[in-house]
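Worksheet for the structure shown next.
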Amino acid sequence: MSYQSNIAARAGSRGQPGLHGFLDRFFEISRYGSTIRTEIIAGLTTFLAASYVIIVNPSILQHAGIPFSAGVTATVLVSFVGSCAMGLYARSPILVAPGMGINALFAYTMVIGAKVPLAIALGCVLWAGVLFTILAVLNLRTAVIEAIPADLRYGIACGIGLFIALIGLENAKFIVANPDTIVGLTTFNPVTLTFIAGFIMTVALVVRRVPGAMMAGMIITTILAIPIGRWWGDGSVFWPETPDLHTLVNWSGMLAAPDFSFVGRIDLLGALQVAYAPFIFVFLFTNFVEALSTFLALAEAANLKDEDGMPRNVKESMHVDAVAAMISAPLGTSPATVYLESGAGIAQGGRTGLVALVSGVLFLPFLFLSPLLSLVPAIATAPVLILTGLFMSEPMGRINWSSVEDAIPAFLAIILIPLTFSITLGLSLAIIGYVVLKLVAGKAREVKPVMWFVALLAAMLVMQVQ
């Protein structure tokens, strides 16, 4: 929009009564060269790009013992409250929802791997949210982020991405256990071929930049999976608790009341035991770094920066992100965070908080559609997990591979997080490796005090699981 048209738009908004004029003034839509129509379309685009979380997050939480319907309720509520708050308070076009990657840490590493009781695991999420909120209010994000070397942060992001991709491949039964080679490729069958077809179609939609590509890919793969167990193939391997069930797609209705059975199921005092301190830190660290890096990335992509070159309204945005993470546990889900998929709406021209508000409101109807969502089988969510792993691995190219002492800790994070099937263990070993490497290289002064403390927590965790 040109300077003249921008001035005209602002003048028109001042003279226009009713809802249109109020929205324009409240969100300063004309000031940022946008229109209400553009903002609404951008909000819809952002929702479609991130809507897969409504299915994928409950699917992951289900492995931790949270019923799918309760996971849907928690996911929808957190996404609705967080995104609307981001739009109304921070006035930022960024969506908030339960984070991918950190939900895998919660379900697979904490609850399943470390056998942390579910109520205590949710307690760790809440305490991490409390600390995150304190750090956001005190504006201490810079000190914390600077303590973690950039290359190690990149390695952690890539390691988590590979871990998510591995989970997707395992969920589709495409990669299976093999006593001779540890893991191996499954034999091709109707289920495998359906997954491959669904993955190819999902990738095609993503490559062609179709809005809501991953959600559309899940729907297409679900449709392709309907014949499994009915006209060809056998899906009973996906239902070990119900071996007589051979179909992958099963109708259980369309509408249901929200499931609040896991709201408030949290053990705050139990989570304060010293043994769980590393988990609290990992939640805090992951959320903190992911939020700040996302704000920076989106601000650069859309020039949403203030006079100092920082993301616009970053302090208010961090407040919202922190509070959303804190309320996640009482509602029954892993921590919420800001979503890079917000870039889809920004690419459509969205520039203001109306984008986040529209996206948040669009989540709400799914409180009543959990039976419909449960139609989606694991092979339909697997392509989304694999692609999410791909997108999270983007920072690999930023690692300084020419510096061995910087590259080794990053590589440890990349390789050990998926191979130990534990984000916490992989992260802990990488941090310990960084500190030890600096120590033996005679560069201990380069390790900031916070990192020594973090390495101590990491060593305690590693010794605990041995």
Margin query: If the only charges are +1 at each Lys and Arg Cβ and -1 at each Asp and Glu Cβ, what is the size of the charge dipole of the stretch 339-466 around the Cα centre, to the nearest 20 debye?
Written below: 260 debye
Note to self: Can you give me the accessible area per residue for the stretch 12-142, using a 1.4 Å probe, in Å²?
What the structure shows: 33 Å²
Notebook entry, point to check: GLN62 to LYS443: FRET efficiency via 1/(1 + (r/R0)^6), r the Cβ-Cβ distance, R0 41 Å, to the nearest 0.05?
Noted result: 0.35
Note to self: Just want to confirm a number: the relative contact order over the chain, from Cα pairs under 8 angstrom separated by 6+ residues, in percent.
What the structure shows: 32 percent
Checklist line | Measure of compaction for the stretch 221-261 (Cα Rg per 2.2 N^0.38 Å) | finding: 1.40
Notebook entry, point to check: Based on Cα positions only, what radius of gyration and what Dmax would you give for the stretch 13-74, in angstroms?
Noted result: 18.3, 55
Next item on the list: Taking every Cα atom in the stretch 337-393, find the radius of gyration and the maximum pairwise distance Dmax, and write them in Å.
Entry: 14.3, 36
Check: Counting every Cα pair in the chain, what percent are over 42 Å apart?
Finding: 16 percent
Next item on the list: Any chance you could list the semi-axes, whole Å, largest first, of the equivalent ellipsoid that the Cα gyration tensor gives for the stretch 90-213, using √(5λ)?
Entry: 34, 22, 15
Notebook entry, point to check: Where a Cα-Cα gap under 25 Å defines reach, which lysines qualify for LYS315, not counting those fewer than 8 residues away within the same chain?
Noted result: LYS305, LYS448
Margin query: If you average 1/r across every pair of different Cα atoms in the stretch 178-231 and take the reciprocal, what Kirkwood value do you get, in Å?
Written below: 12.5 Å
Margin query: Net charge within 13 Å of ALA410 by Cβ-Cβ distance, Lys/Arg positive one each and Asp/Glu negative one each, not counting ALA410 itself?
Written below: -1
Note to self: What distance in nm separates the two pseudo spin-label positions at ARG230 and TYR89, each 7 Å out from Cα along the beta-carbon direction?
What the structure shows: 4.6 nm
Notebook entry, point to check: Suppose R0 equals 56 Å; then what is the FRET efficiency for LYS115 and PHE22 from their Cβ-Cβ distance, rounded to the nearest 0.05?
Noted result: 0.60
Next item on the list: Would you rank ARG265, ARG153 by solvent-accessible area, highest first, keeping every protein chain in place and using a 1.4 Å probe?
Entry: ARG265, ARG153
Notebook entry, point to check: Just the accessible area for ASP259, please: 1.4 Å probe, Å², rounded to the nearest 10?
Noted result: 40 Å²
Margin query: Using the basic label-point model (7 angstrom from Cα toward the beta carbon), what is the MET463 to VAL404 distance in nanometres?
Written below: 3.0 nm
Note to self: Under 5 Å between amide hydrogens, which residues at least 5 positions from THR337 or on another chain qualify, with H placed 1.01 Å from N in the peptide plane?
What the structure shows: ALA97, GLY99
Next item on the list: Just add up the charged neighbours of GLY129: K/R +1, D/E -1, any other residue whose Cβ is under 14 Å from the Cβ of GLY129.
Entry: -2
Check: Per the 1.4 Å probe, what fraction of the accessible area of the chain, in percent, lies on carbon and sulfur atoms?
Finding: 68 percent
Checklist line | Loop-resident sites, the stretch 404-452, for trypsin sites (Lys or Arg not before Pro), counting at most 12 other Cβ within 10 Å (DSSP) | finding: LYS443
Item checked: the stretch 330-450 - convex hull of the alpha-carbon atoms, volume per residue in Å³ -> 204 Å³
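The values are calculated or read from the model by the stated rules, or taken from the named source; none is laboratory data. The structure presented is a predicted model; accordingly, all values stated were derived computationally and were not measured. With ideal geometry, Cβ positions are generated from the backbone for all residues, glycine too; neighbour counts draw on all protein chains shown. Areas reflect the complete protein model, heavy atoms only, side chains present, ligands, DNA and RNA absent. Shrake-Rupley method; radii C 1.70, N 1.55, O 1.52, S 1.80 Å.
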